[in-house]
Amino acid sequence: MVQIVQRSFDQNACKALMDAGIRPALARLLAARGIREAGQLEASLARLIPPERLTGNQKMAGLLADAIKAGKHIMVVGDYDADGATATAVAVKGLRSMGGKVDFLVPNRFEYGYGLTPEIVALAAGQHPDLILTVDNGIASVEGVEAAHRLGIPVLVTDHHLPGDVAPRAACIVNPNQLGCDFPSKNLAGVGVMFYVLLALRAELRKRGVFAASTEPNLTELLDLVALGTVADLVRLDDNNRILVEQGLRRIRAGKCSPGILALFEVAGRDTAKAGPQDLGFSIGPRLNAAGRLDDMTLGIACLLEQDPGVARALAQQLHELNQERRNIEAGMQDGAMIVLDEIDAVGRYSLSLFQADWHQGVIGILASRIKERFHRPVIAFAPANDGEIKGSGRSIPGLHLRDALDLLSKREPGLLLKFGGHAMAAGLSIREQDFARFNIAFEAVVASLLTPEQLEAVIEVDGSLPAEDVGLDMAHALERQVWGQGFPPPLFFDEFRVVDQRIVGERHLKLNLEKSGQVFAAIFFRQEEFLPEIVHVVYQVQVNEYRGVQSVQLCLQHWRESV
């Protein structure tokens, strides 16, 4: 049974927002998401937390400025997801704009694993760098940094992941989540951290008089990349991140984005003039991620760096085709997983661990996410790796910090986990294939000790009822103007409607007309192939629908419950 829970909101904050001229319905939604005064909604870059607040950032800027002045070869080592790709592109573009001699290297996840491993250091050394700069990784790369030390290559780490028990002996680390850093926002994505490093570097070079005879680089030109990586990495959209995302979206809507992002919008069939966070998260991000999942993220980074529109379109088309292949692989894996799950009493379990010998390493994370959404259980999906090992990708539910659960498991079962790391909601690990059954039992025991039965019930948070008079185009446009996303969820309403009529469209979607308080509203319910009863309670979003140039309001249904 899915629980419908209404969000609470601060009455005083709501009143302050209304006093500032914000309509009552919107004020209530914003207050429920922690907005206390209208100034928090301003997307001015002047409101960004100053770069000097980020621990190690000024030292990092000095080291990079010295390297640029000395003409040293900087090797950027990135990660293979959308955040890592955008962070790499931001690093390369930004450093080159300030005179840096820069190349990049991104590991193939199937050959080298994650982060700055000793193998990646050896590969990078073949290009004779004077300095290695990590982006979106490195905080856990203790062995890799030591390998670089032995070769006489200093390492600068920029990352946002949680640190382990031991920090790498890097020349400098910039990470808002490292111990001792008091940066107010702990939610910067890897690309956001790199952007902050560039802000500090430009200030350092300005102080040294480097720009006296030349024009300073305009770092706002990188904000389309920052917005994409921030949204795609599902970091919390706090005030600071919402500024970065909104500023990036403004550039995209104005047609001032990089040719690579413009090309990705084109192949995805999305309109840059109406770009929103959902476009970045559900259309552009997956196409970029497909390179790292199935091939080599070098292709994705090349697309983001490309200045020739024709070449960018060709690269974006390759990413689009890889994404289609990824979707086909995922569909086959999901079918196989459902067959396995039909034989498992998922209701009686606290977790689900799955492994099939024909699964693809690059898609198990998405598979785990899909299964978690269906069963509301922590899920870890495994695929074959090398040398008798299998790699797992996990997704969690509220109430279970997945990395901490794996850490507890490693202490209870020494030697079972060969490697692990991650966040509260997502993690990766490696075990021996012969230990899968042992892992399944041990992980279930750990999760059962940390979760209550009540936490295994899915919860949908809603914003209550929306009066019929507020369900209009002006409200839909007001909602579209806000940056919604992780930690700042788009509004969901819960109301009773009468179904006027309904029909199946596109073979698997339900098109409806719903009546409330004498008004009839058009609605769509994606992936709903069964008709609804005449009187129904629904969870829905209010959206703008455009057809042949005409805009109208549309309700997008998310969940339904029969009225009693």
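Bear in mind these aren't lab numbers, they're just calculated from the coordinates by the rules spelled out. Fair warning: this is a prediction, and the values are worked out from it, not measured in the lab. Methodologically, a virtual Cβ is constructed for each residue, glycine included, from the backbone with ideal geometry; neighbour enumeration extends over all protein chains shown.
What number, in percent, do you get for the relative contact order of the stretch 261-399 if the mean sequence gap of Cα pairs under 8 Å and at least 6 apart is divided by its residue count? Kindly include the intermediate steps, with their values, before the conclusion.
Numbers: 170 pairs, mean separation 24.9, N = 139.
In percent, rounded to a whole number, it is 18.
Which whole number of Å³ per residue matches the convex hull of the alpha-carbon atoms in the stretch 277-366?
115
With angles folded into 0 to 90 degrees, how steeply does helix 57-69 sit against the dominant principal axis of the chain? Use alpha carbons for both and round to 10.
That works out to roughly 50 degrees.
Hey, what angle do you get for helix 285-294 against the long axis of the chain, alpha-carbon based, 0 to 90 degrees rounded to 10?
60
Mean separation of Cα pairs under 8 Å and 6+ residues apart, divided by the residue count of the stretch 183-272: what relative contact order is that in percent?
31
Compute the projected area of the convex hull of the Cα atoms of the stretch 94-250, averaged over all viewing directions, and report it in nm² to one decimal place.
Directional mean of the projected Cα hull area for the stretch 94-250 stands at 10.3 nm².
Convert each backbone phi in the stretch 257-274 into a coupling constant with the Karplus relation 6.51 cos²θ - 1.76 cosθ + 1.60 (shift: θ = phi - 60°), then list the ³J(HN,Hα) values in order as whole Hz, x for Gly and Pro.
Computed from phi, the couplings for the stretch 257-274 are 7, 5, x, x, 5, 4, 5, 5, 4, 5, 5, 7, x, 9, 9, 4, 5, 10 Hz.
How about the stretch 474-564: which trypsin sites (Lys or Arg not before Pro) there are in a DSSP loop, with at most 12 other Cβ atoms within 10 Å of their Cβ?
Passing sites in the stretch 474-564 are Arg481, Arg508, Arg527, Arg548.
Kindly write out, for the stretch 193-200 in residue order, the coupling ³J(HN,Hα) from the Karplus curve 6.51 cos²θ - 1.76 cosθ + 1.60 (θ = phi - 60°), rounded to whole Hz, with x marking Gly and Pro.
For the stretch 193-200, the Karplus curve yields 4, 5, 4, 5, 5, 5, 4, 5 Hz.
Give me the extension gain from Ala522 to Asp165: residue separation times 0.36 nm, minus the current Cα-Cα distance, reported in nm with one decimal.
Stretched fully, the Ala522-Asp165 segment lengthens by 123.1 nm.
So, how do all the Cα-to-Cα distances of the stretch 110-174 break down into 10 Å bins, in percent, from 0 on up?
24, 59, 17, 0
Evaluate the Debye formula for the stretch 41-182 with equal point scatterers sitting on the alpha carbons, no solvent, and hand back log10 of I(q)/I(0) at q = 0.13, 0.15 Å⁻¹, in q order, two decimals.
Calculated log10 I(q)/I(0) at the listed q: -0.54, -0.72.
May I ask for the angle, rounded to the nearest 10°, between helix 82-97 and the longest principal axis of the chain, with both axes built from Cα atoms and the value confined to 0 to 90°?
Here the helix axis deviates by roughly 50 degrees.
Once you sort the root eigenvalues of the Cα gyration tensor of the stretch 166-281 as a ≥ b ≥ c, which label holds: rounded (a/c under 1.5), prolate (a/b larger than b/c) or oblate (the other case)?
It is oblate, given that a/c is not under 1.5 and a/b is not larger than b/c.
Calculate, axis by axis, the spread of Cα positions in the stretch 383-498 along the three principal axes, and write the results as whole Å, longest axis first.
62, 30, 25
5 Å is the cut-off here: which amide hydrogens, built 1.01 Å from N in the peptide plane, fall below it relative to Gly421, excluding neighbours closer than 5 in sequence?
Placed amide hydrogens put Gly428 under 5 Å from Gly421.
Given axes a ≥ b ≥ c from the Cα gyration tensor, I'd like to know whether the stretch 171-213 is rounded (a/c under 1.5), prolate (a/b larger than b/c) or oblate.
prolate
Hey, any idea what Rg/Rh is for the stretch 430-487, computing Rh the Kirkwood way over Cα pairs? Before the final figure, lay out each step's value.
Values: Rg = 21.8 Å, Rh = 16.5 Å.
When Rh is taken as the Kirkwood radius, the ratio is 1.33.
Give me the base-10 log of I(q)/I(0) for the chain at each q in 0.06, 0.12, 0.13 Å⁻¹, Debye formula, one uniform scatterer per Cα, rounded to two decimals.
Per q value, in the given order, log10 I(q)/I(0) is -0.32, -1.31, -1.50.
Could you please state, rounded to a whole Å, how far the C-alpha centre of the stretch 526-544 is from the C-alpha centre of the stretch 415-445?
Here the answer is 39 Å between Cα centres.
Could you give the alpha-carbon Rg of the stretch 216-291 over 2.2 N^0.38 Å, rounded to two decimals?
On the way: Rg = 11.5 Å, N = 76, 2.2 N^0.38 = 11.4 Å.
Normalised Cα radius of gyration, the stretch 216-291: 1.01.
Name the residue farthest towards the positive end of the dipole of the chain from the options Leu510, Val550, Pro163, assuming +1 on Cβ of Lys and Arg, -1 on Cβ of Asp and Glu, about the Cα centre.
Final value for the positive-end residue is Pro163.
With θ set to phi - 60°, apply the Karplus curve 6.51 cos²θ - 1.76 cosθ + 1.60 along the stretch 32-43 and write out the HN-Hα couplings as whole Hz, x wherever there is a Gly or Pro.
Those phi angles translate into 5, 10, x, 7, 10, 8, 4, x, 5, 8, 6, 9 Hz.
For Lys69, list the lysines whose Cα falls under 26 Å from its own Cα; do not include residues on the same chain fewer than 8 positions away.
List returned: Lys59, Lys93, Lys101, Lys207.
Name the residues whose placed amide hydrogens come within less than 5 Å of the amide hydrogen of Leu492, ignoring near sequence neighbours (fewer than 5 apart) on the same chain.
Asp463
Between Ala20 and Ala331, what is the label-point separation in nm under the 7 Å Cα-to-beta-carbon projection?
4.6
So if the hydrodynamic radius of the stretch 264-324 is defined as the Kirkwood radius over C-alpha pairs, what does Stokes-Einstein give as its diffusion coefficient at 20 °C and 1.002 mPa s, in µm² per second?
Once the numbers are plugged in, D ends up at 187 µm²/s.
Counting each pair of different Cα atoms once, what's the Kirkwood radius of the stretch 1-95 in Å, rounded to one decimal?
Final number for the Kirkwood radius of the stretch 1-95 is 17.7 Å.
Skipping prolines and chain starts, which residues have an amide H placed within reach, meaning under 5 Å, of the one on Asp81, given they are 5 or more residues away or on another chain?
For Asp81, no residues qualify.
D for the stretch 507-558, whole µm²/s, Stokes-Einstein with Kirkwood Rh over alpha-carbon pairs at 25 °C and 0.890 mPa s: what number?
Answer, rounded: 208 µm²/s.
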